[in-house]
Amino acid sequence: MTDKPIYLTKEGRIKLEAELEELETVGRRDVAERIRQAKELGDISESGEYEDAKNKQAFLEGRIREIRNILMNAQMIDEETSDNREVRMGSSVTIRYEDGEEETWMLVGAAEASPRNGKISNESPIGSALLGKRLRSKVTVDTPNGPTKITIVKIG
């Protein structure tokens, strides 16, 4: 395991707890049924269906262990503290690129990062560059396309 902290928002914790519940009940029951049906077909040593069901079971159990570990070791992001002077975990940050384009991101832990939903990880290039910065700070971010200059225009 890694020594990096695992950050979660309240919403992220609720989603992971719901996923865990689903996997431990419905997911396990469905996989057990697939394995049972594959065994009924006869010789399991050459059964592709049995092998597929066992692989699905291994994936499911791995995800259950992963979620349990995240929940057990998570540090909750305090979203109630509204200090809008500095970017911190849980902050909503609007940035402006040199070309004038603006984007708004919520800074979350890697376990719940979802760029398509406006949530970036504190470990991402932009997220790590923004942490601890103040309003109107100009930041250079090392991206895969090279250094990019951004300005923090709003912290919420």
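Values quoted throughout were computed directly from the atomic coordinates according to the rules given, and no laboratory measurement underlies them. On a predicted model such as this, the values are computed, not experimentally measured, just so you know. As a convention, Cβ positions derive from the backbone with ideal geometry for all residues, glycine included, and neighbour counts pool all protein chains shown.
Below 29 Å, Cα to Cα, which lysines can Lys10 reach? Residues fewer than 8 away in the same chain don't count.
Here the lysines satisfying the reach criterion relative to Lys10 are Lys119, Lys133, Lys154.
Along the charge dipole of the range 1-130, pointing to its positive end and built from +1/-1 on Cβ of Lys, Arg, Asp and Glu, which listed residue (Val87, Pro125, Gly62) has its Cα farthest out?
Farthest towards the positive end: Gly62.
How big is the antiparallel share of DSSP beta bridges in the chain, given as a percent to the nearest 5?
Details: 18 of 24 bridges.
Bridges in the chain are about 75 percent antiparallel.
About the Cα centre, and with charges only on the beta carbon of Lys, Arg (+1) and Asp, Glu (-1), how big is the dipole of the range 92-155? Nearest 20 debye, please.
Details: 9 positive and 8 negative charges, 62 e Å.
For this selection, approximately 300 debye.
Please give me the summed charge of the neighbours of Leu16: other residues whose Cβ is under 15 Å from its Cβ, Lys and Arg +1, Asp and Glu -1. Intermediate results must be reported in sequence, preceding the final value.
Values: positive: Lys10, Arg13, Lys15, Arg63, Arg65, Arg68, Lys119; negative: Glu11, Glu17, Glu19, Glu21, Glu22, Glu24, Glu66, Glu112.
Summing Lys and Arg as +1 and Asp and Glu as -1 gives -1.
Pop out the ³J(HN,Hα) list for the range 121-127 in order, Karplus 6.51 cos²θ - 1.76 cosθ + 1.60 with θ = phi - 60°, rounded to Hz; leave Gly and Pro as x.
Once θ is set to phi - 60°, the couplings for the range 121-127 become 6, 5, 8, 6, x, 5, x Hz.
How compact is the range 92-155 by the rule of thumb for globular proteins, expressed as Cα Rg over 2.2 N^0.38 Å? Each step should come with its number before you reach the end.
Numbers: Rg = 10.9 Å, N = 64, 2.2 N^0.38 = 10.7 Å.
Scaled against compact globular proteins, the figure is 1.02.
Straight-line reach from Lys56: which lysines have a Cα under 20 Å away, not including same-chain ones fewer than 8 places off?
Within the straight-line cut-off, Lys56 pairs with Lys39.
What 222 nm value per residue comes from the helices of the chain, counting each DSSP H run with n ≥ 4 as -39,500 (n - 2.57) and dividing by all residues, nearest 500 deg cm²/dmol?
Working: 4 runs with 58 residues, N = 156.
One gets -12000 deg cm²/dmol as the mean residue ellipticity at 222 nm.
Against the empirical 2.2 N^0.38 Å scaling, what ratio does the C-alpha Rg of the chain come to? Could you put the intermediate results ahead of the total?
Values: Rg = 21.3 Å, N = 156, 2.2 N^0.38 = 15.0 Å.
This ratio for the chain stands at 1.42.
Please report, in debye to the nearest 20, how large the charge dipole of the range 8-156 is about its Cα centre when each Lys and Arg carries +1 at its beta carbon and each Asp and Glu carries -1 there.
Numbers: 24 positive and 29 negative charges, 139 e Å.
Dipole of the range 8-156, to the nearest 20 debye: 660 debye.
Only Cα pairs within less than 10 Å get springs; with that Gaussian network setup on the chain, which residue of Ile95, Ile77, Ile14 has the largest fluctuation?
Ile14
In terms of the ratio Rg/(2.2 N^0.38 Å) built on C-alpha atoms, what value belongs to the range 6-76?
Working: Rg = 15.6 Å, N = 71, 2.2 N^0.38 = 11.1 Å.
Ratio of Rg to 2.2 N^0.38 Å for the range 6-76: 1.40.
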